[in-house]
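Let me begin by presenting the structure, written as structure tokens, before commenting on it.
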Amino acid sequence: MEAFPRTIFDDTHDQFRAAFRGWLDDRVVPNHEEWEREGITPRDLWIDAGKQGFLGLTVPESFGGGGTHDYRFAAIMTEEIGTTGVIGSGNGITLHNDIVLPYYLELANDEQKMRWLPGMCTGELIGALGITEPNTGSDVAGVRTTAVKKGGAYIVNGAKTFISNGINSDLVITVCKTDPEKGHRGFSLLIVERGMKGFERGRNLDKLGMHAQDTAELFFNDVEVPAENLLGEEGMGFVYLMTNLAQERLGIAVGAIAVADAAVKWTLDYTKERKAFGQPISQFQNSKFLLAELATEVQIAQVYVDRCVELHCEGKLSAEQAAAAKYWCTELQNKVVDRCLQLHGGYGYMREYPIARAWADSRIQTIYGGTTEIMKEIVGRSLTR
């Protein structure tokens, strides 16, 4: 079946895609398995990404960034990381670029931008976002980490968990409760820096998939954070988080369809070569019907996601549209990868095959960035209010 032509990219995007794919093939793919075993990517990978211009694409050139406001470049990076099957090794970079940096660009004052943005573009400073806690996941309002103002600093106490880039990170946007009496208006964002007294990292968590993506517990024991590290206004943290979630969820949807599409292609190649009962297994009616179903659903989802990318570039993507994309595409990703693994038979269970790694890496997609259930709640609420 001929794929629908994608019309959202131009020649500049195609050139960027080729350059980034070349870098992945040269720098990441050959080392991915080693980093998966080690549970972390080396910091020199970040430095190299910075030298190639793959960090801070949206950061103004005056701070060392790419100076573009075109989200399509970010989407290309996410797609190529998914297509090459190096999600664990590449996910930290897209998190840094597309989820963490927008907070600095939108909320940091001039002094903070000068202090942090150049290093975040060179890879010398790695960013993370600390929201989730041992007893708080999708319910951001349940955050218990506190920050008490004392003189010219905030004293931070609490713990975070499941924090991506948690081991490598130098700057952690930490969601804290600065005024327990004000509910949603009582949360603020503080930048906790590597080396601050009382800031400790727990273990690098042993996950089902994405092993090369360092995911850690973070502990704050009377950490003295200068008031100069307050990001934005005190009490506005919850609002800031809600504002930036649409891009995060769109990015997850973009990656989901890239992996699903790659899974279908891997499976087509495998089923055409693998024989059973004297013929390629692609020729069995069950295989044809299943592959037709999966390929069709992936193409339909791709069209929707591409439209969401266009809307986001125009500043018109709603929270509900992003939530719908996130929930539908990640559920589809898991369905596609699971069915494709089945068509691989026993070989699909072997980690040397990309479908096995994709199966493990995909499972988290319906959970982080807001669970499927929360996404349906957002969409459903918009329909019934």
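Being assigned to a loop (DSSP other than H, G, I, E, B) and either without any contact (Cβ under 8 Å) to a residue 60 or more places away in the chain or more than 25 Å from MET77 (Cα to Cα) (or both) narrows it down to one residue among GLU233, GLU228; which is it?
Being assigned to a loop (DSSP other than H, G, I, E, B) and either without any contact (Cβ under 8 Å) to a residue 60 or more places away in the chain or more than 25 Å from MET77 (Cα to Cα) (or both) holds for just one of GLU233, GLU228, which is GLU233.
Does the stretch 215-228 contain at least one residue that is within 29 Å of PRO42 (Cβ to Cβ) and in contact with an Asp or Glu (Cβ under 6 Å, 6 or more places away or on another chain)?
yes
Testing LEU268 on (1) farther than 26 Å from MET77 by Cβ; (2) out of contact with any Phe, Trp or Tyr (no Cβ under 9 Å at 6 or more places or on another chain); (3) surrounded by 14 or more Cβ atoms within 10 Å (Cβ to Cβ), one condition comes back false. Which one is that?
Result: LEU268 fails condition (1) only.
Provide a single number: the residues in the stretch 94-144 that are farther than 24 Å from GLU79 by Cβ and not in a helix (DSSP H, G or I).
16
Restricting the search to the stretch 145-154, which residues are in a strand (DSSP E or B) and either touching a helix residue (DSSP H, G or I) at 6+ places or on another chain (Cβ under 8 Å) or crowded, with 17+ Cβ neighbours inside 10 Å (or both)?
THR146, ALA147, LYS149, ALA153, TYR154
Given the conditions (1) modelled with pLDDT of 95 or more; (2) assigned to a helix (DSSP H, G or I), and given that LEU241 satisfies all but one, which numbered condition is not satisfied?
LEU241 satisfies all of (1) modelled with pLDDT of 95 or more; (2) assigned to a helix (DSSP H, G or I) except (1).
When you look at VAL303, is it among the hydrophobic types (A, V, I, L, M, F, W, C), buried (at least 22 other Cβ atoms within 10 Å of the Cβ) and at negative phi, yes or no?
The answer is no for VAL303.
Write out, first by first residue and then by second, each pair whose Cβ atoms fall under 8 Å of each other, whose residues are 6+ apart or on separate chains, and whose first residue, in the stretch 280-307, is in contact (Cβ under 8 Å) with a residue 12 or more places away in the chain and in the same structural domain as ALA263 (by TED's automatic domain parsing) while the second is surrounded by fewer than 14 Cβ atoms within 10 Å (Cβ to Cβ) and of a type in the set (S, T, N, Q).
From residues that are in contact (Cβ under 8 Å) with a residue 12 or more places away in the chain and in the same structural domain as ALA263 (by TED's automatic domain parsing), the pairs are ASP306/THR7.
Scan the stretch 73-81 and give yes if some residue there is modelled with pLDDT of 95 or more, crowded, with 22+ Cβ neighbours inside 10 Å and part of a loop (DSSP other than H, G, I, E, B), otherwise no.
Within the stretch 73-81 (the criterion being modelled with pLDDT of 95 or more, crowded, with 22+ Cβ neighbours inside 10 Å and part of a loop (DSSP other than H, G, I, E, B)), the answer is no, since none of the residues qualifies.
Within the stretch 73-121, how many residues turn out to be closer than 17 Å to GLN247 by Cβ and of a type in the set (S, T, N, Q)?
Residues meeting the conditions: 4.
The values are calculated or read from the model by the stated rules, or taken from the named source; none is laboratory data. Computed from a predicted structure; not experimentally measured. Here the Cβ is made from the backbone with ideal geometry for all residues, glycine too, and neighbour counts use every protein chain on show.
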